[in-house]
1. Which value in Å is the Kirkwood Rh of chain C over different Cα pairs?
2. At a Cα cut-off below 27 Å, give the lysines reachable from C:Lys35, other chains included and same-chain residues fewer than 8 away excluded.
3. Output the residues of segment C:75-92 meeting this criterion: accessible area (heavy atoms, 1.4 Å probe) in the chain alone minus accessible area with all protein chains in place is 50 Å² or greater.
4. Interface A/B, total buried accessible area with a 1.4 Å probe, nearest 100 Å²?
5. Given R₀ = 41 Å, FRET efficiency for A:Glu100-B:Arg161 by Cβ-Cβ distance, to 0.05?
6. I need the fraction of alpha carbon pairs in segment A:18-125 separated by more than 17 Å, rounded to a whole percent.
7. Shape verdict for segment B:245-398, please, from the Cα gyration tensor: rounded (a/c under 1.5), prolate (a/b greater than b/c) or oblate.
8. Would you mind giving the mean number of other chain beta-carbons within 10 Å of the Cβ of each residue in A:75-88, as a whole number?
Amino acid sequence: MFQWEVIKFHPKNFKEMKEFAMIYRSETMGEIKLTPEGTMAVSKEWENWMGGIAAQNKLVSPGMRLGNEGRMVKPGNVVTNGPYAEIKEIIGGLSIFRAESIEEASEWAKTCPILNAGGNVEVRDIIQMNG
Amino acid sequence: MQEKELIPQLYRTEFRKITAVLCRLFGIEHITIAEDIVGDTFLLAAETWGLKGVPANPAAWLYVVAKNKTRDFLKRSAIFNEKVSPEVQYSTDESHEIEVDLSATNINDSQLQMMFAICYPGIPPESQIGLSLRILCSFSIDEIADAFLTNKETINKRLYRAKEKLKQDQVKIEMPPDSEIGKRIENVLTTLYLLFNEGYYSSNRNTVLTKDLCLEAMRLTHMLTENESTNKPEVNALLALMCFHASRFEARVDKNGELILYEDQDISLWNKELIKQGEYFLNKAAHGDVLSRYHLEAAIAYWHTAERDSPEKWEKVLSLYNRLLMVEYSPIAALNRTYALAKVYGNETAIAEAEKLGLDDSHLYHILLGELYTNVDKQKAIGHFTIASKLTKTSADRNVIRKKIEKLKK
Amino acid sequence: MIFRNDFHPEAKYTPDEMQNIMQQWQTWMGGMAAKGQLANTGTRLGGDGKTIRPSNVVTNGPYAEIKEMITGVIVVKAGDIDEATEIAKGCPILNAGGNVEVRNIVPMGSN
């Protein structure tokens, strides 16, 4: 156990790393009721998965979890209720990572807990916006 | 012989106190003059005490000399007098003596206000911290250079530029307005944390603890909690963290000054009062909806003081390290997280994760791997400990590592 | 808010039109920022992609179950989802044939 917690300033020298987003999709969890233990187990899985990537200093932002409320706005001011519903899966969340390549990011995606729930992960490169 | 140890100790505790008061007196444009006057005071002490012996009240002696030097300086420098704010000159009818108020209250107030003045967003973070270490913590330029893993010249330039910028922007030495305080406090807390760690584990002096630094860090942090506008949850969390760590002071070092590892410590030597205080501040910190990194670290420290070993503890600690890393990455958190992972999921799992960390240059990384390989692959364990021994900077570390290698070779 | 549009939006526009579109985005985002509605500057997604499915199945390209792809995400502050939806109606992507999905964000650490 490291009782010596020395904080030294490491200038963050990232070689040209790029940022990638992971978009998590799965069928709505609405129907599936998890027991409290089940919920905690899933939480733990996500925490361990993301923590492992964060430990490599490759997590930019844990991002966000999206809830079940939704509205779709289409051209012509058409508004419908519910999340995007062209397919049966909805987006559950999004996180941002840094990696050398999309392949590296995809490797992490392979161990994402959402896959155990029958969901999938879309990995996308991020266009850096200036200003 | 005694005087030789006394002056460095006094320098540590008194330099910054007197400097803070003088800085506030002279204004932000004349920080260097304040430093010089106090520096001269100590030089005089070194010369005089060697010959005439140590005075009965060394600190008081220093204060008197500093006051005299300040008055002399102000008298000599007519232009300076014009610039010194009128409030400063408490002139009475009989004498035009300038009061240098070195009371405990003014020392406290001056330090607090200097803390904020120095942690000014207009200068880069490392300059804020460098200047704080110099003015508020009596750090030498060498010590600051070590903290930043750089050299003296860089630090001197950095501090010079920082002071120039403070001068340019006419930063006032006073408490910041409530609207700015949240942001400014973040920087202050980082400095205080650094200060505490520098004392808790000193890597540039070959002694393990400099209790004074830790106590000063705690005192300054505590000062923030006593002031309504700075009494924020994260400040209390940081103070809790410091208390928990400090509670193990007596247990960390044996009679020979050797470092005792956490798992070998005598629990009866852990300071229960400090642990209670830590819990008190941790409770105070549990207000509001912001979970700062200090909250997470304090919670981790709490688990380490509450129990030595239990499956629940390590699960909680792992979860806390996960969350800490998600808030802010640090190499130490990454290593400690891996250790907790080992406790929960076994050494092999942890080894696989450890090898992804990219921290091969760190002696702590090799110590971790040495630990993890200990009951798994003796040769690899010894290999890593050996590398660690070469990479580490302090003899205290080297001793600990040497013992581990010896234990493995049996 | 999640923005979706065709897979190759660049193909549809001339450089001038692209400039115009960029302008529209900046105006819309700037307006929100001025009102304190923007939580962050948002994320724009590029054309590279990989989709990972259970059993390590990896396909190249953005998620392609549908003919549209996600082009970006921003986080907006509003009283409720209907308020956010009103804001979404001003999004330039609607002028380019795309659409906006508005979703509530679940605070981290809650179940």
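1. For chain C, the Kirkwood estimate is 15.6 Å.
2. Cross-link targets: A:Lys74, B:Lys183, C:Lys77, C:Lys89.
3. Buried-area filter returns C:Ile81, C:Lys89.
4. In total, this chain pair buries about 3300 Å².
5. 0.70
6. Beyond 17 Å sits 58 percent of the P(r) for segment A:18-125.
7. oblate
8. Taking the mean over all residues of the peptide, I get 4.
The values are calculated or read from the model by the stated rules, or taken from the named source; none is laboratory data. A quick note: this is a predicted structure, and the numbers were derived from the prediction, not measured. Glycine gets a Cβ as well: all are built from the backbone with ideal geometry, and neighbour counts include every protein chain shown. In case anyone asks, the SASA skips ligands and DNA or RNA and just uses the protein heavy atoms, side chains included. Shrake-Rupley method; radii C 1.70, N 1.55, O 1.52, S 1.80 Å.
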